[in-house]
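Asker: Have a look at this one before I ask anything.
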Amino acid sequence: MQVTAMRPKSPSKLANIASLLIMLLLSGCAAHYSAEAVSDPYGLFSGIWHGAISGLTITVNIISWVLSLTSIDFLSNVQIIGRPNTGFFYYLGFAVGFMFLPLFR
């Protein structure tokens, strides 16, 4: 007796259209930045600074998360990565700053 592998069914066109519609509707919920924030995004030197203090920001995020379990909203706006940023150069600066992290102990 020969056993053949079953091919998985491809999704129907209706399922594809429904998925696309759901993605388009949910994309309206995405965070948008103000004109002032977009006109001056974080760059290389901001990335270096954010990488250097990343140990502190991670600690603050953990503390904020623990406090949020008890409905205390404390330092909830502290983020590890600055947004909006310039992309590659910001992340390069973050990596360089992160290498300086052991110097701050």
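The values are calculated or read from the model by the stated rules, or taken from the named source; none is laboratory data. Note that the structure is a prediction, hence the values are computed from the model and not measured. Positions of Cβ are backbone-derived with ideal geometry, glycine not excepted, and every protein chain shown enters the neighbour counts.
Asker: What are the pairs with Cβ atoms under 8 angstrom where one residue, in the range 67-96, is among the aromatic types (Phe, Trp, Tyr) and the other, located anywhere, is assigned to a loop (DSSP other than H, G, I, E, B)? Sequence gap at least six, or different chains.
Answerer: Pairs that qualify, where the first residue is among the aromatic types (Phe, Trp, Tyr) and the partner is assigned to a loop (DSSP other than H, G, I, E, B), are 89/43; 90/41; 90/43; 90/82; 94/81.
Asker: Out of curiosity, is residue 72 at pLDDT below 90, more than 26 Å from residue 34 (Cβ to Cβ), part of a loop (DSSP other than H, G, I, E, B) and of a type outside the set (Gly, Ala, Ser)?
Answerer: Criteria met by residue 72.
Asker: Part of a helix (DSSP H, G or I) and surrounded by 10 or more Cβ atoms within 10 Å (Cβ to Cβ), is that true of residue 82?
Answerer: Here the answer is no, as residue 82 does not meet what is asked.
For every residue, the table says whether it meets (1) at pLDDT below 80; (2) over 18 Å from residue 86 (Cβ atoms); (3) touching a Lys or Arg at 6+ places or on another chain (Cβ under 6 Å).
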{"residue": "13", "(1), (2), (3)": "no, yes, no"}
{"residue": "18", "(1), (2), (3)": "no, yes, no"}
{"residue": "21", "(1), (2), (3)": "no, yes, no"}
{"residue": "33", "(1), (2), (3)": "yes, no, no"}
{"residue": "48", "(1), (2), (3)": "no, no, no"}
{"residue": "52", "(1), (2), (3)": "no, no, no"}
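Asker: Go through the range 72-92 and give me each residue that's aliphatic (A, V, I, L, M) and more than 21 Å from residue 43 (Cβ to Cβ).
Answerer: Answer for the range 72-92, where residues must be aliphatic (A, V, I, L, M) and more than 21 Å from residue 43 (Cβ to Cβ): 72, 75.
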